[in-house]
Amino acid sequence: MNQVRVGELVECLAVSGPSNERLQKLKRISKRDWEALLPWMDLSGIALPLWDSVQRAGAEGILPPQIRAVFEMKLENHRQRVTDMALEFDSLNRQFQHAGIDCVVWKGFALIPDYCPDPCLRLSYDYDYLVSRNDWDKSRTMLEGSGYILKPDPDTQVHLTFVLRHGVPRQSISAVGLYAPALPRKVELHLSPWDEAASHIPLSVPAGTLDRKVRRMWRGMSFDSLGELDTFVFQMIHAFQHILHNWCRLGWLREIAYFLERRSTDRQFWNSLDDYLGSDGLLKEVVALVVSLAARLFHATLSPPVERQMRGAMRRPVALWVEHYGLSSALNNFSENKYSLFLYREFVREEAYWQEIRRCRLLPLHRPNRIADAAPAAPFVLLPESWKQGWYVVQRLIHHTVSGAGYAWESARWQRMRRLCVDRVLR
């Protein structure tokens, strides 16, 4: 991946300042480079926001005609997908309401417009609901009675994933990447945004979330969602969890930056957030970490008091990780290396837990996931499914071997940097 070009694309998605001058950098990108970058843009969730920025600036002419056509095709397919999802979303909400289940919508359509102005600009694959423990079993029964089947996941006790039993046949999406209308969707039920037992990090999630739910209207649909502060903090927890597990979509951080920019001068929000977090230093640090990453990457404006507040909430090693590894790793969705383990170690208190986490992350012994159908190269599409899966497994083995070696090589450097920054504080 051409890191210079990647950096230029991210610069074009800054949430503050004029965009026209930044967009002119896109002239330097050749058609061949665009074709190499498009799969990364799809996985990062920034393809459609970038195209939207180009269109708003009236700068479509700076892209090669073939690339403009690809963006238009992606957007058109995704519009149809969002239309279909909105209908399914409304049906699900009505079923939860009819069953008297105490729940709220988390993420997805509930993030519009605070985190993204248009649902057609963000990748959507599932519907997330935060459900009360009392209605946990009732929710499962309701979904199974509506034709959804449970996908077992032994690694967590705080969420369940369901898929339609008889969904639309999966179409070929080699031409449109992750935007195909028929790409299967999931329904996820959550007891909490954080799984302490699985992560071994004692992060305290504020209680009483469902008591603070708000009623929202969107496109004529009515549903319960999290309150503003709960939504914000849950987005921080969601991003943090994915960073620790080496997969945090760059587009999620851009959505957070979009929110930050629009709350940059809202002193009441930041004061309320401070009261909401209280004296929980660990949760404050998680919020500060994600805010710092999102704001730095996409140039969101933070007032001097908020910037000092975020900086003061992070321990020196955590701030050091953001500077040396976080910003660069984010450009590849934290998936190209295992440097997130350096951050993970800062939050795990028990040495025995940490040794087990590191072993599992460096040498994963579980069966690899099924291959994703995200815009494979044309010759690859023609291979039999078994060959595709076999090649995918080989690629994952190579990835873990190379990134594990990179982690081991970098560990000594990280420990030196960490020791120096801690020594400065002690002096």
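FYI, it's all coordinate maths here, none of it is from the lab. As the structure is a computational prediction, the values presented were derived from the model and not from experiment. When we count neighbours, we look across all protein chains shown, and the Cβ atoms used for this are built from the backbone with ideal geometry, even at glycine.
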Quiz item: So how far apart, in nm, are the two label points at residue 3 and residue 196 if each is 7 Å from Cα heading toward Cβ?
Solution: 3.9
Exercise. Give me the number: length gained by fully extending residue 165 to residue 114, i.e. 0.36 nm times residue separation minus the C-alpha to C-alpha distance, one decimal in nm.
Key: 15.0 nm
Self-check item: Cα gyration tensor shape of region 173-273, rounded if a/c is under 1.5, else prolate or oblate by comparing a/b with b/c
Solution: rounded
Quiz item: Reachable lysines from residue 74, Cα under 30 Å, same-chain residues fewer than 8 places away excluded?
Solution: 25, 27, 31, 107, 151, 186, 388
Self-check item: For region 85-101 and region 126-149, distance of Cα centres in Å
Solution: 11
Quiz item: Given labels modelled 7 Å from the Cα in the Cβ direction, how far is it in nm from residue 362 to residue 205?
Solution: 3.1
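Compute the semi-axes of the equivalent ellipsoid of region 217-263, taking the square root of 5 times each eigenvalue of the Cα gyration tensor, and list them largest first in whole Å.
Its equivalent ellipsoid spans semi-axes of 23, 13, 11 Å.
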Quiz item: Which FRET efficiency value, to the nearest 0.05, is calculated for residue 84 and residue 186 with the Förster distance at 22 angstrom and r the Cβ-Cβ distance?
Solution: 0.95
Practice problem: Take every Cα pair under 8 Å in the chain that's 6+ residues apart, average their separations, divide by the length, and report that relative contact order as a whole percent. | Solution: 16
Quiz prompt | Label point at residue 27 placed 7 Å out along Cα→Cβ; residues across region 61-87 whose backbone nitrogen lies under 19 Å | solution = 61-68
Practice problem: Given the options 352, 110, 86, state which has the largest fluctuation in a GNM of the chain using a 10 Å cut-off (strictly under) for Cα springs. | Solution: 352
Self-check item: the chain: C-alpha gyration tensor shape, a/c 1.5 cut-off, then a/b vs b/c
Solution: rounded
Quiz item: Hey, what number do you get for the chain at 222 nm if only DSSP H runs of n ≥ 4 count, each worth -39500 (n - 2.57), divided across all residues, to the nearest 500?
Solution: -17000 deg cm²/dmol
Quiz prompt | Virtual spin-label span in nm between residue 413 and residue 98, 7 Å along Cα→Cβ | solution = 5.9
